[in-house]
1. Could you work out how much longer the chain between Gln66 and Thr160 gets when fully extended? Use 0.36 nm per residue separation minus the Cα distance between them, nm to one decimal.
2. Under 5 Å between amide H atoms, partner at least 5 residues away or on a different chain: which partners does Thr105 have, H built in plane at 1.01 Å?
3. Just check the stretch 1-96 against the gyration tensor rule for me: Cα atoms, a ≥ b ≥ c as the square roots of the eigenvalues, rounded for a/c under 1.5, and otherwise prolate or oblate depending on whether a/b exceeds b/c.
4. Run the numbers on the stretch 95-166 and let me know its relative contact order in percent, using alpha-carbon pairs under 8 Å that are six or more apart.
5. What spacing in nm lies between the two simple spin-label points modelled at Ile79 and Glu25, each 7 Å away from Cα in the Cβ direction?
6. Under a Cβ-Cβ cut-off of 9 Å, what is the net charge of the residues other than Val109 that fall near it, where Lys and Arg count +1 and Asp and Glu count -1?
7. In whole Hz and in residue order, list the ³J(HN,Hα) couplings for the stretch 138-149 that follow from phi through the Karplus curve 6.51 cos²θ - 1.76 cosθ + 1.60, θ = phi - 60°; x for Gly and Pro.
8. Let me have the relative contact order for the chain, percent, based on Cα pairs under 8 Å that are six or more residues apart.
Amino acid sequence: MTAQRQLIVMRHAKAGELPGGPDAERALRPRGRRDASAAGGWLTASQLAPDLVFCSGARRARQTWQYVGAELAAEPQVIADPRLYEADARGLLDILAQAPPDTRTLMYVGHNPAAADLAEILTGQSVDLRTASIAVIGLAVSWSALADGDTAGAGELVATWSPGSQ
């Protein structure tokens, strides 16, 4: 497969609890902030810079991107899409399919199990996405093709990163 595009799938970093509060407002813990910064450092060292970021509207996902983005040289366009908070893998594919066709590297910052399921659908292999983990998937199909429903195995897992794996 000759990858024409890259999809960076990232699960949000470690968040705390918010007893009695809405789940979407849970904030990152100190460990989560450190891990998200380390993830951004790994992306920079790996020369992986997104052109566009689709980020869940949940506070912990937005904060994860804030710390990741602070480590990158470029400032990509970021879209905080509330649909990403509760989307399953099929819903993610439909949303990611809306990326502009000239986007070379797209990043998704969101939640499990959807993030891991997305990576598995596209690569045909199980990908362990603990908090702050990243899977980089090479794609030989257009973004719009992700909505076609026949995306099983459309990608190749080219890199992974997890906190503590440096």
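1. Working: separation 94, 0.36 × 94 = 33.84 nm, distance 2.03 nm.
Length difference between fully extended and current span is 31.8 nm.
2. Placed amide hydrogens put Gln6, Asp51, Leu52 under 5 Å from Thr105.
3. On the way: a/c = 2.21, a/b = 1.25, b/c = 1.76.
Oblate shape, in that a/c is at least 1.5 and b/c is the bigger or equal ratio.
4. Working: 89 pairs, mean separation 25.8, N = 72.
Reported relative contact order: 36 percent.
5. So the two model labels end up 2.8 nm from each other.
6. Working: positive: Arg11, Arg62; negative: none.
Value of the local net charge: +2.
7. Result, ordered by residue: x, 10, 9, 10, 6, 4, 4, 5, 5, 7, 6, x Hz.
8. 32
Just so you know, all these numbers are worked out from the coordinates, no wet-lab data involved. Owing to the predicted nature of the structure, the values given are computational and were not obtained by experimental measurement. Here Cβ is always computed from backbone atoms with ideal geometry, including for glycine, and neighbour counts include all displayed protein chains.
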